[in-house]
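I have placed the structure first, in the form of structure tokens, so that the comments after it can refer back to it.
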Ligand code: SF4
Ligand code: SF4
């Protein structure tokens, strides 16, 4: 099943880390103007999850996975 990546706009600090070519090779994370909140272009996203690990604020989420508040979550077990 294809993941659905989402950026939590209440958590994102617009640091631009996730937009680096070394993070998102398909340039699926788009920020239209400097300082704008980024969005994920689902048509370009390959679901590699690199941006989830790269975000220093934990703002990138996969809506198809359990939340980190769930003790049984793989994210919780991975310490993400
Ligand atoms: S790396 Fe995280 S905090 Fe920085 S712009 Fe991307 S989603 Fe926002
Ligand atoms: S999951 Fe991969 S392809 Fe999709 S936005 Fe994140 S880094 Fe880019």
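Brief remarks follow.
- Residue list for region 10-31, given a label point 7 angstrom along the Cα-to-Cβ vector of residue 62 and an amide N cut-off under 20 Å: 12, 18-20, 22-30
- Ranking of 63, 41 by neighbouring Cβ atoms within 10 Å, starting from the fewest: 63, 41.
- The three principal axes of the C-alpha atoms in region 1-65 carry coordinate ranges of 33, 22, 17 Å, sorted with the longest axis first.
- Ordering 33, 64 from the fewest to the most neighbouring beta carbons within 10 Å gives 33, 64.
Just so you know, all these numbers are worked out from the coordinates, no wet-lab data involved. Bear in mind that the values here come from a model prediction, so they are computed numbers and not experimental data. All Cβ positions, glycine included, derive from the backbone under ideal geometry; neighbour counts span all protein chains shown.
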